[in-house]
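The values are calculated or read from the model by the stated rules, or taken from the named source; none is laboratory data. Everything quoted here is computed from the prediction, not taken from an experiment. Reconstructed Cβ throughout: ideal geometry from the backbone, glycine too, with neighbour counts over all protein chains shown. Accessible surface is based on the protein model in full, side chains and every heavy atom, while ligands, DNA and RNA are left aside. Shrake-Rupley method; radii C 1.70, N 1.55, O 1.52, S 1.80 Å.
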Amino acid sequence: MYIQITILFTLIIILGSIIIEFLFRQGTYYKMTGNGYFQTISDIGRYGEYLTYKRLRRFENDGGKFLFNCYLPKADGTTTEIDVILIHSTGIFVIESKNYSGWIFGSENGKTWTQTLPNGKGKSRKERFYNPIMQNKTHIKWLREIVGNTVPIYSIIAFSERCTLKDVTVESTDVKVINRQNISSTIKCIGNYTVQAINQTDIERIYGILYPYTQVTAYEKIQHINNVNAIKYESTNKNGAERGGYDSRKTMSGDCMEKERISDEIITESAPDIVSETEIGMDVLKEEAEINVSRQSNRRICPRCKAELVIRTAKKGEYAGKQFYGCSQFPKCRYTEHI
């Protein structure tokens with residue numbers, strides 16, 4: 001009897017998991033990222049992005065479009081990653097997801113913010129992280145290089161419901177630092193005071209322009225993480241940090257000297273799935289094969305950098321499986337054309 005109950009219980013769990021995964025894959029988040037339900041909830045960064053989308057998905061009903069993990073090129077050849085983008089009739093909302101807990105202290109102009117966490121027996125520990133407003137400001141700078149200056153862009157820093165924004169100072173009117181449960185009402189409030197800034201045609205056009213920047217390979221994700229790590233390493237050495245990533249300096253409270261762990265922008269970067277050298281090599285071979293096919297046909301030239309355009313296939317998202325022309329100099333140049 002006990003064995004039968006155990007088998008039945010196991011089957012119920014398996015069936016429930018299959019149903020949950022199936023329903024999850026019907027949503028935009030899976031279609032854009034390719035991350036399944038259990039793959040998402042097991043990663044704190046991904047899960048935060050998904051919960052943010054979950055609170056905002058009703059904006060899809062009036063034409064809003066979402067993009068996730070958008071890797072935008074910077075002038076130095078590296079990339080900056082935007083967690084969530086909502087393109088809506090009232091503007092573009094660039095959302096930095098912080099799936100943290102504890103008390104948060106910070107100001108718009110301070111280089112670092114502080115997270116205070118309980119440490120047992122009435123004590124607490126402090127961890128520092130890079131100012132997310134400045135982080136999003138960098139995102140928006142390079143986003144404007146692509147979409148221009150005619151569309152209003154709003155910066156939203158969304159902390160989890162487990163956070164208490166204890167002392168956060170924001171001066172800019174186009175920047176909002178909130179708990180995630182307030183993100184929908186915040187965007188709705190902005191819309192109430194904003195005339196329609198983008199029509200549906202422009203929403204689709206901007207989405208089409210930005211979509212290729214979400215279609216990065218595992219190799220490019222690794223490059224991005226390595227670049228962020230390099231920046232963090234240089235910053236730590238410059239500040240004379242001790243071995244292990246600690247830096248001895250005064251706290252914001254005054255005279256007390258203590259060691260605080262520096263957590264720069266790397267905190268926000270989700271580590272890519274582990275890939276083998278063989279898989280990366282196959283991606284490279286595939287790209288070379290695409291270039292060879294293009295050379296055998298009528299050559300198309302990129303109007304931006306004059307390099308050759310090659311035929312690529314979108315791997316995920318709304319256009320998954322569809323082909324498009326992309327610059328052979330990708331990721332340095334991300335020009336695309338519809339076929």
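Remarks
- Rg(Cα)/(2.2 N^0.38 Å) for region 134-214, N = residue count: 1.23
- Relative contact order for region 87-217: 33 percent, from Cα pairs under 8 Å spaced at least 6 residues apart, divided by residue count.
- Distance between the 7 Å Cα→Cβ label points at Gln200 and Leu11: 4.7 nm.
- Taking label positions 7 Å along the Cα-Cβ direction at both Glu60 and Lys137, the computed distance is 3.4 nm, reported to one decimal.
- Annotation: for a label point projected 7 angstrom from Cα along Cα→Cβ of Ser107, residues of region 129-149 with backbone N closer than 18 Å are 129-135.
- Shape call, region 51-130: gyration tensor on alpha carbons, a/c limit 1.5: oblate
- For region 1-103, the relative contact order works out to 18 percent when only alpha carbon pairs closer than 8 Å and six or more residues apart are counted.
- Per residue, the solvent-accessible area of region 136-199 (1.4 Å probe, heavy atoms of protein chains only, all protein chains present) comes to 54 Å².
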